[in-house]
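What follows is calculated from the coordinates using simple rules that are stated; it is not laboratory data. Treat the numbers as computed from the prediction; the structure is a model and nothing was measured. FYI the Cβ positions are ideal-geometry reconstructions off the backbone, even for glycines, and counts take in every protein chain you see.
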Amino acid sequence: MIAASVQTELNLWRRESGEHITALKGHTGSIWAIAIAPDETWLATGAFDTTIKIWDLPTGALRLTLEGHGDRLRSLDISADGRWIASAGDDSEIRLWDAKTGGCQQILTGHQSRVRTLAFHPNGLWLVSGSFDETIRVWDIGTGECIQKLVAKLYAGMDITGAKGLSEGTIASLKALGAVEA
């Protein structure tokens, strides 16, 4: 069992007995993201210190520290084959890392605000990200291209041209939620 809070360390316990195994120490900022490799032999943590750390399980030894983000990390995922680590956070960038070497292979850009969540698609070809810019994007990890953008605006594309009885404030609010006047 693994647990973290807004602390700079991660604690490991044995599931069966509840015995504390070790504390993983190394981050200098609060840990906000954890991802466990599919084979359960290692895990990755992302923190507000802008780093990703890769830890050996169950020993707790630090394998690698990945650096490159310009702001706090909020989300991590590991591909189903364990080859890739995806990371994202407040710098609006998504980075794809080689899990063995720690090298940054791609930087995916397009979000206009911090990226709050991401997940590899089971097909191993795509990565899905969600941002405070109110979009969900689907990325082709082979090319780094955004192949689909979903906009989470309640009234996206609604044409309010000529609508009667709407105040200027209501019109402004509807436009902020995605409505348009043609």
Worksheet, complete the sentence: Total charge of the residues flanking T170 in space, meaning their Cβ is under 13 Å from its Cβ, with Lys and Arg +1 and Asp and Glu -1, is 0
Fill in: Convex hull volume per residue for the chain, taking Cα atoms only, in Å³
149
Worksheet entry | Dipole axis of the chain (+1 Lys, Arg; -1 Asp, Glu on Cβ), positive-most option in G60, G46, T170 | T170
Item to complete: Would you mind computing, in nm to one decimal, how far apart the modelled labels at T22 and A182 are, each placed 7 Å from Cα along Cα→Cβ?
Response: 6.4
Item to complete: Under 28 Å Cα to Cα from K100, which lysines show up? Leave out anything in the same chain fewer than 8 places away.
Response: K25, K53
Practice prompt. Find how much the distance from Y155 to R15 grows on full extension, using 0.36 nm per residue of separation minus their present alpha carbon separation; answer in nm with one decimal.
Written response: 45.7 nm
Discussion item. Using a Förster radius of 30 Å, what is the FRET efficiency between K175 and D71 based on their Cβ-Cβ separation? Nearest 0.05, please.
Written reply: 0.50
Discussion item. Taking R0 as 22 Å, what FRET efficiency do you get between E145 and I36 from their Cβ-Cβ distance, rounded to the nearest 0.05?
Written reply: 0.20
Fill in: Environment charge at T101 (Cβ cut-off 12 Å; Lys +1, Arg +1, Asp -1, Glu -1)
+2
Worksheet item: Rounded to the nearest 0.05, what FRET efficiency do L125 and L166 have when you use their Cβ-Cβ distance and R0 = 41 Å?
Response: 0.40
